[in-house]
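Below: the structure, in structure tokens.
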Amino acid sequence: MHIFAIANQKGGVGKTTTAVNLSAALAARGQRTLLIDLDPQGNATMGSGIDKRGLEKSVYHLLVGLAGMKEVCVGCEAGYDVLPANRDLAGAEVEMVELERREMRLKDALAAHVDDYDFVLIDCPPSLSMLTLNGLCAAHGVIIPMQCEYYALEGLSDLVNTIKKVHANLNRDLKVIGLLRVMFDGRATLGHQVSAELEQHFGDKVFKTIVPRNVRLAEAPSYGIPGVLYDKSSKGAQAYLDFADEMLERVHTL
């Protein structure tokens, strides 16, 4: 089982879009996939077609020990499973402070299910919180979606430092799997410059796949389905299917 956190401390960079569409694309490639929504906003939950307001149990109940994986897990039409989230999760931050192994709650919950999935993707919130820490402690690696803009580079160094600290103190398995360029505007000179800088600095850590800015990907969440199913022929959907193939190749080299 490959467990990857999808993280970036900057908001609005396509983390959830990447988590949902990579989950759907891997499922379309025959991989048993679990998506874990660790953001109290529950956008990955809604984007997978699950009504966060109607949940009896959520990832909150799992983290604070009120429910097991099987009780929380929900299947979605796109063919992958989801540990869904809603506003309840905001309360977990406070409650987990008192709990034993508070950074390891998610890792411990997943430990009994290593044979159930090929891929587990964790959609982390945009802040370095106890929830994000749980995601990073459970993961084998981090996928970093980022826009090719000047400010994105500044945020990236903060995130890489965070990953190094977690690696040193809490999770020796954790490493950067790769950087995914998303919402890419091929007409902007700056985008190409930042993209080239990333390749120069991070080398083969930069995924070959580039996800373009795409209206169909942006529309899909309002219909509660991943972009790769909403309009499979769109450039955004094709990019995420290509990214799934690239991920499948890359995991063999890890």
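Please treat every number below as a calculation from the coordinates, not as lab data. None of these values were measured; they are calculated from a predicted model. Positions of Cβ are backbone-derived with ideal geometry, glycine not excepted, and every protein chain shown enters the neighbour counts.
Loop-only check: which trypsin sites (Lys or Arg not before Pro) in region 1-103 are DSSP coil with at most 13 other Cβ within 10 angstrom? Don't skip to the end; give the middle numbers.
Details: sites: LYS10, LYS15, ARG29, ARG32, LYS52, ARG53, LYS57, LYS70, ARG87, ARG101, ARG102; in loops: LYS10, ARG29, ARG32, LYS57, ARG87, ARG101.
Those satisfying the criteria are ARG87, ARG101.
So what's the angle, to the nearest 10 degrees on a 0 to 90 scale, between helix 15-28 and the longest Cα principal axis of the chain?
The angle comes out near 90 degrees.
Listed highest first by mean packing, meaning other Cβ atoms within 10 Å per residue, what order do 214-222, 137-145 come in?
Numbers: 214-222: 18.0, 137-145: 24.3.
So the order, starting with the most tightly packed, is 137-145, 214-222.
Please give every one of the lysines within straight-line cross-link reach of LYS165, meaning a C-alpha to C-alpha distance under 26 Å, and leave out same-chain neighbours fewer than 8 residues apart.
LYS10, LYS15, LYS107, LYS175, LYS205
Which of VAL160, VAL120, VAL13 comes first, and how do the rest follow, when ranked by fewest Cβ neighbours within 10 Å? Mind dumping the intermediate values first?
Working: VAL160 15, VAL120 26, VAL13 21.
Going from sparsest to densest Cβ surroundings: VAL160, VAL13, VAL120.
Residue by residue through region 196-207, what is 3J(HN,Hα) from phi via Karplus (6.51 cos²θ - 1.76 cosθ + 1.60, θ = phi - 60°)? Round to whole Hz and write x for glycine and proline.
5, 4, 4, 5, 5, 7, 9, x, 6, 6, 8, 4
Any chance you could run the full-extension gain for GLU95 through MET1? It's 0.36 nm times the residue separation minus the Cα-Cα distance, nm to one decimal. Numbers along the way, then the final one.
Details: separation 94, 0.36 × 94 = 33.84 nm, distance 2.89 nm.
Length gained between GLU95 and MET1: 31.0 nm.
As an exercise, use a Förster radius of 30 Å and the Cβ-Cβ distance of LEU190 and VAL251 to find the FRET efficiency, rounded to the nearest 0.05. Walk me through the numbers on the way to the answer.
On the way: r = 32 Å, r/R0 = 1.07.
Calculated value: 0.40.
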